[in-house]
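In what follows, a structure is listed as structure tokens, so that the remarks can point back to it.
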Amino acid sequence: MPSRTPPPCMSFGMENNRKVTFDMDKASNPFDSDDDMNLQEPSLYTHDVPLEGDPKQQSSYLEKPNYKCIPVRSKFQNMCNCTGPKVIYSLFGIITMSMLISAIVILFHFNHLTTGSSPKRSSSNVSNIGQDISFYLVSNMPHNSEDEKVISDSLKNLGNLPSETGEKGSFLVHLGDVGSSKHHRCAPFVYKTAKELFEICPVPFFIIPGNNDWNDCPYPKTAWQEWESSFGNHELEDKHHGVTNNDRSDVYGNNHGSVSVSHQEMREENFKFLDNGVLFIGIHLVDGQVPDWNAWNTRVDEDVIWTEGNIIQYQGQYRAVVIFGHSPPITLLDEYFLRIVNTWKDIQEKSDKVVPFLYAFANKFNDNLEVYTPRLWDTHMYVMENVRGGLVKVKIVSGEDPFIFEDLRYDHD
């Protein structure tokens, strides 16, 4: 089987950051026509702005401050006109001292706003729990016979695929869209074919739904029933990971090499497990059409409850957090992403440990692997868009930027 050398690993560091410089708003003329002084504070923004036309940066939450111009005509003007030089010098000294104090206060507050109130953390404060761990990602497949061959060949050679990140991964996660709602119209055979294909996966297999799996289908309720019938019983993960538990109160960890997997009681497709000091969370988070707003909002709330509950419950037991979802961070799902990001920021501000955060979603905008930090997200919080047409391997090592991404696509006969 001919093969080509895969692209080199992408270790996400400063070279992949998308930073765009900003301009300060210019302050208006400080003197008006009546010679009154107007102390108008400039509008300062210290944030990353989205790249023009970038569909991932669809939401803006910053509002421009509403500063007021304040006249400062001195109330002591008449007094200065009728008193001696000593009074004038005294007033001048008082005003100078007041301006100096004001400048110090302004500098203090500006520094507070730009640096934040969280404690300074060095690389020595990174959590070191567990060993390196690797896993695979796939999405938007199989949509045709060619996809089926790619998946079949990849799974059969999973441990032998050209790789620069060492041994075989521990598990595989499908990020949704096992079929195309436009081409196959979510026919029952789509789900059955995909399940049979992934039954040969040599590592534990997890899957979350995508918009082409149900909500963009001609008959969403029927499509969802078909998806649940094929993947809702968790057979492909139980096959390797042992007993699955639905009780959220259990404590999960390694038990002689085995990993205990838990599913949300109110939403069975959501899962989580703790492996080698990394907390993995899978959620049903799709983009696309909204068949029922009440059901949609309920599902998003349940996703928030599942995510927040686990990252809070297992604080101190993980060195990194990885969340799997189908949709990119978009305005439609602000209710989820804003709440989770704010919760994570609160946790990190109170912690003396740097814990990296990764959100991985299905291929949406281009065929290639992409890693970035969205606007308003914190340092060490990353988003990864999966590739189209093959597998990606993710390795998590120690350190503040522990994620290494490797595209495993290769030519097939």
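A short reminder: the numbers here are calculations on the coordinates, not readings from a lab. Bear in mind the structure is a predicted one, so any value in this text is a computation, not a measurement. Glycine gets a Cβ as well: all are built from the backbone with ideal geometry, and neighbour counts include every protein chain shown.
Worth pointing out:
- Ranked list, fewest to most other Cβ atoms within 10 Å of each Cβ, for SER258, SER134: SER258, SER134
- Peptides ranked, highest mean first, by Cβ atoms within 10 Å: ranges 138-146, 151-159: 138-146, 151-159
- Ranked by the mean number of other Cβ atoms within 10 Å of their residues, highest first, the peptides 170-180, 198-208 fall in the order 170-180, 198-208.
- Pairs exceeding 25 Å between alpha-carbon atoms, taken from LYS168/LYS272; LYS168/LYS353; LYS345/LYS393: LYS168/LYS353; LYS345/LYS393.
- Each of the peptides 334-344, 394-404 was scored by the mean count of other Cβ atoms within 10 Å over its residues; in descending order, highest first, they stand as 394-404, 334-344.
- Additional length obtainable on full extension of the chain from LYS168 to GLU228, 0.36 nm per residue less Cα span: 18.7 nm
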